[in-house]
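Worksheet: one structure, shown below.
The values are calculated or read from the model by the stated rules, or taken from the named source; none is laboratory data. Computed from a predicted model, the values in this text were never measured in an experiment. Every residue, glycine among them, receives a Cβ derived from its backbone with ideal geometry; neighbour counts consider all protein chains shown.
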Amino acid sequence: MSFTDTDLIARVLLSGDQNAFAELVRRHQSPVRAFLTRMTRGDAHQADDLAQETFLKVWQKLNTYRGGAKFSTWLFSIAFNEFRSAARKRGELLSADIEEAAEEKPAPDMNQGLRLDLTAALERLSSNERAAILLCCQNGMSHEEAAQILDSPVGTVKTNILRGKEKLKRLLSL
Amino acid sequence: MNTPEDSIDALLREQNSYQSDNGFTARVVKELPRHRRNWLRPVILLAAVIVGAMLAWWWLPLKNMPPLDFSKLQSLNSSVLSTWLTVLVVVGSLVWGAITALRSEE
């Protein structure tokens, strides 16, 4: 018998059922870790640390989840906050202007095939552009869901997607 | 005909492959705080054990207990059997409650 996310959340909240929580982690670890790996520019070790912190926060804050949004939306918003505060702690500059300057430099591995090109090109987008593109174009979320995760207006998300795609087209010579 | 944007979307979706767990879930579960809300259960059980022990001490005729005569225990109507059976049930319940409470705290 398979339980829905809502069933599992109820079990965790009612009896602190760690098996139910483990099942939630198992179901959602892949997209969260993939998203964080992209956000950290391919640093899988750091991405896993952030993903672990994300799920520990979920455990602590699960009683504040109201069920108004999808669980995955709520989960990704915690993951993005973890990424943002880690970047802030490391003193990384998240400003789009500064990252745009980096984008103008040619990517070193641009000739290793389109798949590698896309990875390299994504790394040259600003964090907000990359996050918006990954959430909407890769994970199939709506603009509204992405706006909720990124804590930005829907219009800003749409602009970031458009601008990010323009840059990708230029970088990939499409 | 595919536009460049379609190609970008297709590439992004293609790269969205499943990331295998590789022990990630186990690491997360290992790091979970030991207690969540399950502190409530042992607390209630321990409180019940303490109250039960106090009531047993108060109500059971411990000072006037009939001697444990095994020949009289065989008769179902004997006062020896009913008294000792009550004591046994009360003590058994208290021990069970205490063990359960302590095990839930582990």
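The table below gives the values:
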item	result
Residue count for the stretch A:51-89, restricted to those that are among the aromatic types (Phe, Trp, Tyr) and assigned to a loop (DSSP other than H, G, I, E, B)	1
The lone exception for A:Val157 - which of (1) within 14 Å of chain B (Cβ to nearest Cβ); (2) crowded, with 21+ Cβ neighbours inside 10 Å it fails	(1)
Candidates A:Thr6, A:Thr37 - the one that is away from every other protein chain (no Cβ under 12 Å) and in a helix (DSSP H, G or I)	A:Thr6
Selection count, the stretch B:43-80, where residues are of a type in the set (A, V, I, L, M) and at pLDDT below 75	7
Cβ pairs under 6 Å, 6+ apart, first in the stretch A:23-39 and within 22 Å of A:Ala10 (Cα to Cα), second β-branched (Val, Ile, Thr)	A:Val25/B:Thr25; A:Val25/B:Val28; A:Arg26/B:Thr25
Positions within the stretch B:8-42 being modelled with pLDDT of 85 or more and in a loop (DSSP other than H, G, I, E, B), in sequence order	B:Tyr18, B:Gln19, B:Ser20, B:Asp21, B:Asn22, B:Gly23, B:Leu32
Matching residues in the stretch A:54-63 - criterion: being out of contact with any Leu (no Cβ under 9 Å at 6 or more places or on another chain) and either crowded, with 19+ Cβ neighbours inside 10 Å or more than 9 Å from chain B (Cβ to nearest Cβ) (or both)	A:Lys57, A:Lys61
Single condition A:Val154 does not satisfy, out of (1) within 13 Å of the chain's Cα centre (by Cα); (2) without any contact (Cβ under 8 Å) to a residue 24 or more places away in the chain	(1)
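Matching residues to (1) aliphatic (A, V, I, L, M); (2) under 16 Å from A:Ser127 (Cα atoms):
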site: A:Arg26; (1), (2): no, no
site: A:Lys70; (1), (2): no, no
site: A:Phe83; (1), (2): no, yes
site: A:Ala86; (1), (2): yes, yes
